[in-house]
Structures are given as structure tokens and as C-alpha cells.
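Scroll down for the structure; my scribbles are underneath it.
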Amino acid sequence: MEKKFLILQKNTQDKMREKATTLYIGPQHPGITGNMMVKVQVEGDTIVKARTEVGYLHRAFEKLQERRNWLQSFTLLCRFCVPEPDPVEESYARAVELLEGREVPERAKYIRVLMLELARIGSYMLWYGGQNGSLGLYTMGQWSVGDRNYILDLFEELTGGRVYHMYIWPGGVRRDLPEGFADKVLRTMDYLEKRLKDYDDLMFDNTIFQKRTQDVGIISKEKAVEWGVVGPVLRGSGIKSDIRIDDPYEVYDKLDFIVPTHEGGDIWSRALVRRQEIRQSIRIIRQVIEQMPSGEYFNRIPNPHKWALPKGDAYARTEATRGEVGMYIVSDGGVHPRRIHFRGAAYVHGITLLEDLLIGENVADISAIMNSLGTCPPEIER
Amino acid sequence: MSFFDLKGTLKPLTALKQFGKKPHTISYPKVSKEAADRYRGLHFNDLDECIGCGNCSTICQNAAIDMIHIEGYDGKKGDSGLRPRVDNGRCCWCALCVEVCPTGSLSLTKDYLYVSEDPDSFLWTPGKDNPEGKKQISFFSTEEVSLNMFDRVPMPELEGKERVKSFAEVVLGYNEAEARAEASRCISCGLCTEVCPEHMHIPEYINAIAAGNDKDAVRIIYDNNPLPEMCGKVCTRRCEDVCAIASRGEALAIRWLKRYATETAVTSEMTHEIVNPEIREANGKTVGIVGAGPSGLTAAYYLALRGYDVTIYEANAKAGGATMYGIPKYRLPIESLDKQIDYIQSIGVKINFNTKVGKDISFKEIYNIYDVVFMGVGFPDAWPLGVDGDDAEGSMQAFRFLYMINAGDKVDVGDKVVVVGGGNVAIDAARVSRRLGADVTILYRRRVQDMPADWEEIEGAEDEGVHIIPQGIPIKIHKDEKGHVKSVEYLKAEMVPDDKGGRPRPVAIEGSNTVLEATAVMAAIGQMGDYSFLEEEFTEKIKIERGRFVVNEKQQTGDPKVFAGGDAVNRTADAISAIADGFRACKAIDEMLSGK
């Protein structure tokens, strides 16, 4: 009888092994990254196979540009990534300027850097919420998303919009800084700097966070290079790479900041990199406010209905919180783009890398890993 | 790491210190957050300032704005009568509509809350549905930040001192770069097309010029105007008065752009090659036209294209009517007009010059020969001044004076010319007299700003040294012993506001008599028709009221076989209206004769 039971038990285990359970994670915002799905096969808690499924957010943005003029494009392109639209705006504006040979006033460049760095902090604040939320640590998210609102307030005052700013456009920026804005920015930076200490207590010093993130979702240095990983994820694997330093744009070459790296390659290292980058962004913003020259903020573009760009193509890349994003534009000499192609970090991180990275991981860590990679489904699909 | 990490367990508990702190959140709806000063919320439109150009609708990449007619609101003169309606379900508040609004009437407000179960209620007509929005305007465009290009590319011209030395053309014309730059300011709203009597396809040809397709522009222009180079030089251009850009800047130089495009075809052969007109096979029907002015030439050209056998009878040695004999050559050189008329003749229009209807051939004969007759006879006679002494030698009609000069005759005006009137004919006569070496004074009843003449012409005259005496009413011409003009006596006038809301009237001030020395006096106070060529049997059917033929909307007179157009029909008395008459008549004649 006992022998029979043992045989039965063994058969069941074999069957389970053959037919691993399939789980569908998503498509309803798995760990606040947006609408996509990860289909995983698990044996017990361990993932043996992962397939990403996207297609829930496709809006044909790139194709739509072919029916927009060069100005209209910029209001749609920023929608590639909800939490951080500004690097997309900036890369588009710069690509257009490169193709047209349009000069940008120095002040506009400083304002753009200010925008980009505010956006970086804002995006990381949201990441704080996502990363912790995916581990069940919800207090952190409430704090950081609440504090992010102070940055959104700044955006509202500067651009008129809180989330989609549509502020950096070809030729410069849309409006000059309002009166007293610089002081407000500095005050907000002082506040956030203080708050970072609270965040550390709640997050990095928290045993739960440490245990859930250390040695989870490891990307080795070699693998990171092989897979074309960029941004904080790459720096979390110990490779110092940042477009702001490697290929400086706007006025980054005039600013003093460092690019933090960590060797671990796990979620923990990537989190540390982001944490340190916030401090660097605050440092950059203070320098920008100090150095910003007076003068023009916009090199006026011609009548948008008749604004034709010369025939040719241009590529501009910007360091976003997800990593390098790039805008490739092609003009046939007309008033509409012939082609606009966007290179987003999330495509590599969120599809190809994720599928490979999840194998062998615990099913409970899927959201945490996705968040640590900066997966942004709207950017994947466009 | 030890199994139990005391620090890591206790640290998160420091969050408890946040107890009692003021939260980030506000308790809506008890407290609501006021939006920033630059907030991009719901739209507001100042309906009275708006001209309905639809530029907001064109730029909206979400197609969230459409232009609608608001019941009981017709808009001002020259605007489309339409106003933007925003679909707030589509709008993304990018505010590009605000940035491109030429009048600055459209703006965004601080208002950002709107909740309704009815999806149709998200369609808002800003300004009508939220009149209180005016107090909440937050995102707006000033002239500095607007994306409209308000400054016109200046037109190169001869210096005033140079001009008076000859009849050389004053306006030198845009070069290619200037034309492209000027054309690229256009926002293609089409208000100009609406107001143009001939409804020329203005945005289309300006687009072609901006894109560097001059030949396309010429083809588009010839679509409904066979004398475009003339219009490009001397049109009264009502289009520019309503240009959307003119709301806050300088109107597009529509006239100069047309001139640029047509001048790229240097000869009539080139025009023929570019336009490459499709001439239909002869249909055996014949049309006789009296007068080779703009209306007659237009009807002739488009009828000939449609396969009709067209013959024009012209009393003068040259075609063009008032554009040939009324407009001085420094504005419209003879070569330019000849080129256009050569082209019209090249497609098969026959013109019998020096053939005055009523003298060389009777109207009845023409009436009997042709299937249809079109009369574009214009206003060949001018009103006399009608004051004491205007029979003096040296007292003449400005229109007659211009005719003689343009026909190549010599006129002795002496060295002091007084022109009475404030229209384009007065200015033309004054500027021609300057070129004959005389000191010229214009005497006008009203103020300078009331002058019906083109402001550019008035400025041009002043540049050339013409003196303008406004508010002066001539009462007498004094003669010398030989019966020649010696001086003009006039009364000063004061402007009295009109009780009925009309423009202020000049009223002579008793006892303000002033005498102005003169060797010639020219009256430029209007022209009139001469219909003596019509036999009695026709004058019964073809009605003439207040000096003009009475026609229906098809330019048809009381005699269904007779059509009329030009100055002898319309009150605007300009070339483009005459062209429009000719074009309308052509369509009606074609309909009638082809039976379609």
C-alpha cells in the first residue's frame, strides 16, 4: 500500500514537472508599469519560462507623425512615456534642430536641463512607489508620490501642465521662467533632500526591502553589455555609462556631477543607483539655477503650417530614467515628417531582457524585477 | 546578514514620527486648489475678437476643434461667421491652438473641473458656454510668443525722387527668396477667398509659392483669372483687408505674391506653356462681346476655352479698358498688359480694335450675328466738377487726362495742378502730373483717413511730393483774361458726426475762403456710363437704373440673349469685380448655349 502511494506520488510529481502551471501576470498594471502581460510557467514558486505579451497600448504614435506637421508632432511624442515625457520632448526638439541647423539660445538650454532633471527626480519618486509597492511596502509609495506632487506643482507653474508638459519644443522652450520660480525650485530641492533621509529609513534600511531585493534579478556585467542594457540598469551592473557624460547635450558639459555605479547587478544595486542619482540631480539643478544666463528662451520657428525641414535625417539621444532614449527623424523636405522612430530603453528591458531574467526567479518577484528594469509599456509599444 | 536584523526592523518604525503632520492632500470639495497662473485648462474664446479663421482647428492634432455657426451670432464683416467648438473628450490641452491664434482671442483658463454624464455636453463652444472664463484666462499668446509671423517682407520700391523722373514702374517686385518668405506666413484660412469677388484660390497658390512650385501657382491663378498679372499689380485687394494675420500684424502681401508668380512667365508663350490650357473642340456657337476691358476679356477667355467662337469689339486701339487707359503706366506697364492680352488672343479670342459699337458697327448687327452678346462697356465718361468756372481752359476731368496720357497724347498742365477728389483716380492723376513736372495739390472734402484711395497710393503720392489739403470744398475756378484757369477757390470744412451713424460729413465753414493758384484743375469725383450705342428697341428690354445695367445673379440683362458686367453693372467698380462678372457670365452663357 505504501509502495503504491509512493509510486502515485512520484507520478504526480513527474506530471507536474511536465506540465508546469501557467500564470498570467497582467495585463492590468502588474506592479504599476502599465498595460502589458507576462505569461509565466512555474514549478512551485520558481519560474521556468516567461513570455511577455504586449499589444494593449499600441497607439501607432510613430505612424501618426506622418500625418502631423513638425510642430504638431511634439504634442503627441511626449505621450511615449507617462511618468517622464520630457526626455522624449527634448530628444525630438534636438533632432529637429540638428536637421534644420537651428540654434538654441543658451538660456533655453539651461531651462531644458532644469526640466529634464526635475523630470528625472519626479520619475524616480514614482519609481520609489512602484518598487516598494511591488514588494508590499505601501507607505513609501504614498510618501514619494506625495512629494512628487511638489515637482508637478513646479511643472504646472512653469509649463501650465502637471504631467504632460509640452514645453520643450524645437527652437527652445515655450515660455520663460515665471517670476520667483528659481527660488521655488531651490526650496523644493531643499525639502526633497531632507525627505531622502526619511526614505532611506523606510526603504534601504528596511530588512524586508533588503531581503527581497538583494541577489534578486541579477544581470551580470557581460550580460548587460550583451543585451544592450542602458541607463540605471546598466550602471547597477557596474558599468559607468551615461549619455550626459558620454555624449553631452544641452549644457551638461558645463555642469559638475558624478555618475554612480554599483557592482551587484541585482534590484538592490539598481535601487541604490537611482537613489544616488536623485542627489546628483538636485546638485545639477542648483548649478543650473546659479549659472542660468538671461536672454532669449526661444529661437522662433516659422509658421508651423509651412515649416518644412530640409531633406535628410537626424538622431538625438537623451538620458532618461529608463536609460538612453533616442529620436530618429527623417524628412523628405516637406512639412510632415517622413518617418519618426523612437528608440526606447523599455523595449530591451521590458521584453527581451525580462523574459530571460525571470527564469529561475520566484514568482513573487516578477513585479519587483519589472520595476527595477524601468519597464514602461507605453514606451515599448508607442 | 544575521537572521534577525534589529536595525533593519526598527528603522522603518521611525515612520511613526510622521504622525500628526499636515498631509499632502487637500479635502476637496471643501478646499480646492487654485491652478497656476499659466495653467492650461478649459478653453475660452473672445467671440467678438475671434474672426473664425479656423487656424485653431487646423493646428489641432487631435481634431478636437471644429468650426460651427452659433445661432444668432453672425460675426463681423470679413470673418467667416464661424466659431471654434472644442471636444473636451479629445482635447489634450497642448494649447497649440492658442499659440497659432492670429487674433489672440483663444486662450486657456484656470478652470479644469467638469463632470457630466452626458457625453455630448463635452462639446463646448468656448466663450459662449463659459462666458465667465474671461476672468480666469491663464494661458494666452501675446504678439511676442505667438507663432504667427506678423511682419511682412518689405517690397522693394523706387525712391520717391527717382520715381517722378519717369513712368518707370515704382514697385520692383519680390525676388524668389522674398516671395517664398512672404508666402510662408500664410495660414491658409481662406477668409481672403471668401471676400474676393472672383473667389480666387488664394491659399492654394500661396501654398504653391511657399513650396517653390511657381508653375503650379500660375496654373492655379489662371483657373479663374485671365488677367492675374494686372491684378497682381493694381488689384484693390479686399483679400488683404480681411487677412487673419492682419488682426495683430501686417496682412499677407497677396497681391504681390500673385504678381511674383505671374511674372515668372516672362512672355505670353511662356504663360501658354505653363498654363497649358485645355481648349475644347469648337462647338459652333458664337459670342459677341462689346468692350475689351477686364470683364469682356474674362468672359472671352473662358468661353473660348469652352469651345465658343468669341469676338470682341473694342473702340480703342488697345485692349484692357480702364486698366489700359485709366491706370498710369508706372503702376501697370504696357508690356505687362500686352503680354496678358497676347496670351488671351493666343487661345483663339478675336479682338476687333478701333471698332466702336454704335458708330463702326451697330449693336443690332452684333445682336443678330451672335448667339449671345456680352457687354463690358465700362464707364468711359467722367463727372465734371460742376462749380462756377469749370469751363475754363485747363479745367479737365482726371479720368480723361489719364486716358490721353496713356494713349500717348501730350497734355499741357502747366506747373501748378490741383486735383479734386480722394479716390485712386485722383491720386493717379496727381502722381502723373508730378511726372510731368508740375507741383501738385490734392483737394479733398474729408480727412486723409477717409480717402477711398489705397493707402499705399496715398503714401506713394506723399513720397513723390504731392501736397494733400484735406477738408477743402472747391467753390469756384477763377479764370485769367484768356479764359485759362488761374486759381481755385475753396472753403475749409469741418467734420460733423452723422446722427444716423454714418461716416462724419464735411460741412463748409462760412467765410473760410482760400484761393489756390493753379494752371490746371482736374476733377476726379467719379465716372459714368455712355449707353448711346444701344438702339431704342434694346433700351426697353435692357433696363438701366441709376446709370447702370440691371442684371440678375447670372449677369443676364432683361434681354435673355444679352449679358453685362464690369463697371457698367457693379458698384464696386474695380477690376477684380469686373473679372468676377465676366466669369459668372461665362458660366451662365455656357449653361444657356450648351443646354446643360
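Overview of results
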quantity	calculated
Two-site label geometry, A:R187 and B:L13: point separation in nm, points 7 Å out along Cα→Cβ	3.6 nm
Alpha carbon centroid spacing (whole Å) that separates region B:189-221 from region A:268-309	42 Å
For region B:302-322 versus region A:36-72, the gap between their alpha-carbon centres in whole angstrom	69 Å
Alpha-carbon gyration tensor eigenvalues x 5, square-rooted, for chain B, Å	58, 32, 23
Cα-Cα pairs of the protein assembly as shown separated by more than 36 Å (percent)	63 percent
Neighbour cut-off at most 11 other Cβ (10 Å), DSSP loop, trypsin sites (Lys or Arg not before Pro), region B:1-59	B:K21, B:K30, B:K33
Integer Hz, Karplus 6.51/-1.76/1.60 couplings in order for region B:497-502, x for Gly and Pro	x, 7, 5, 7, x, x
Fraction of antiparallel bridges per DSSP, chain B only, in percent to nearest 5	50 percent
Global form of region B:383-519, assessed from the alpha-carbon gyration tensor, a/c cut-off 1.5	oblate
Amide H contacts under 5 Å for A:T375, placed H, 5+ residues apart	none
Cβ neighbours within 10 Å from other chains - mean over B:382-392	0
Relative contact order (%) - criterion: Cα under 8 Å, at least six apart; region: chain A	26 percent
For the protein assembly as shown, share of DSSP beta bridges that run antiparallel, in % to the nearest 5	65 percent
Net charge of Cβ neighbours under 10 Å - reference A:D45; Lys, Arg +1; Asp, Glu -1	-3
Karplus 3J(HN,Hα) series, Hz, for region A:97-102 with 6.51 cos²θ - 1.76 cosθ + 1.60 (x for Gly, Pro)	5, 4, 5, 8, x, 7
Label-zone membership for region A:31-69, site A:H336, 7 angstrom Cα→C-beta point, backbone N under 19 Å	A:59-69
Average beta carbon contacts from partner chains per residue of A:162-170, 10 Å cutoff	2
On Cα atoms only, tilt of A:138-159 relative to the major axis of chain A in degrees	20 degrees
Inter-label distance, nm, simple model (7 Å from Cα along the C-beta direction), B:R447/B:I475	2.4 nm
Estimated D of region A:131-277 in µm² per second, where Rh is the Kirkwood radius over Cα pairs and Stokes-Einstein applies at 37 °C, 0.692 mPa s	186 µm²/s
Relative contact order for region B:382-527, counting Cα pairs under 8 Å that sit 6 or more residues apart, in percent	32 percent
Positive dipole terminus of chain B, leading residue within B:G81, B:G502, B:T267 (C-beta point charges)	B:G81
Mean residue ellipticity (222 nm) of chain A, computed from DSSP H runs ≥ 4 via -39,500 (n - 2.57), nearest 500	-14500 deg cm²/dmol
Selection from B:V521, B:I473, B:I442 lying farthest towards where the dipole of region B:382-527 points positive, charges on Cβ	B:I473
Mean separation of Cα contacts under 8 Å (6+ apart) over length of chain B, as relative contact order %	11 percent
Distance between region B:347-423 and region B:143-184 - C-alpha centres, whole angstrom	33 Å
Radius ratio Rg over Rh of region B:43-139, counting only Cα atoms, Kirkwood formula for Rh	0.93
B:D559/B:E459 FRET efficiency (R0 45 Å; Cβ-Cβ; nearest 0.05)	0.50
B:I469 long-range amide H proximity, modeled H, under 5 Å	B:I442, B:L443, B:Y444
3J(HN,Hα) from dihedral phi, region A:237-251, Karplus parametrisation 6.51/-1.76/1.60, rounded to Hz, x for glycine, proline	9, x, 10, 7, 8, 7, 4, 4, 9, 5, 9, x, 10, 6, 10
FRET E, pair B:D498, B:E273, Förster distance 60 Å, beta-carbon r, rounded to 0.05	0.65
For region B:148-262, alpha-carbon Rg relative to the globular expectation (2.2 N^0.38 Å, N residues)	1.04
Lys/Arg +1, Asp/Glu -1 at C-beta; the protein assembly as shown dipole; positive extreme among B:L305, A:N35, A:G333	A:N35
Where no second cysteine Cβ lies under 4.7 Å, the cysteines concerned in chain B	B:C50, B:C60, B:C91, B:C92, B:C94, B:C101, B:C186, B:C196, B:C243, B:C586
Computed magnitude of the charge dipole of chain A (debye, nearest 20; Cβ of K, R +1, Cβ of D, E -1)	940 debye
Folded to 0 to 90 degrees: helix B:294-305 orientation relative to chain B principal axis, Cα	80 degrees
Dipole magnitude of region B:382-527, debye to nearest 20 (Cβ charges: Lys/Arg +1, Asp/Glu -1, about Cα centre)	220 debye
Over 18 Å between alpha carbons, listed pairs A:K197/B:K7; A:K211/A:K240; B:K110/B:K135; A:K63/A:K109; B:K318/B:K554	A:K211/A:K240; A:K63/A:K109; B:K318/B:K554
Net charge contributed by nearby residues that have their C-beta within less than 14 Å of B:K364 (K/R +1, D/E -1)	-4
Nearest-ten-degree value, helix A:2-18 long axis tilted from longest Cα axis of chain A	20 degrees
Peptide ranges A:124-135, A:85-96, B:211-222 listed from the most packed, as the mean C-beta count within 10 angstrom indicates	A:85-96, A:124-135, B:211-222
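Every number in this text was worked out from the coordinates using simple rules, so none of it is lab data. Just so you know, these numbers come straight off a predicted model, no measurement behind them. Using ideal geometry, Cβ is built from the backbone for each residue, glycine included, and neighbour counts are taken over all protein chains shown.
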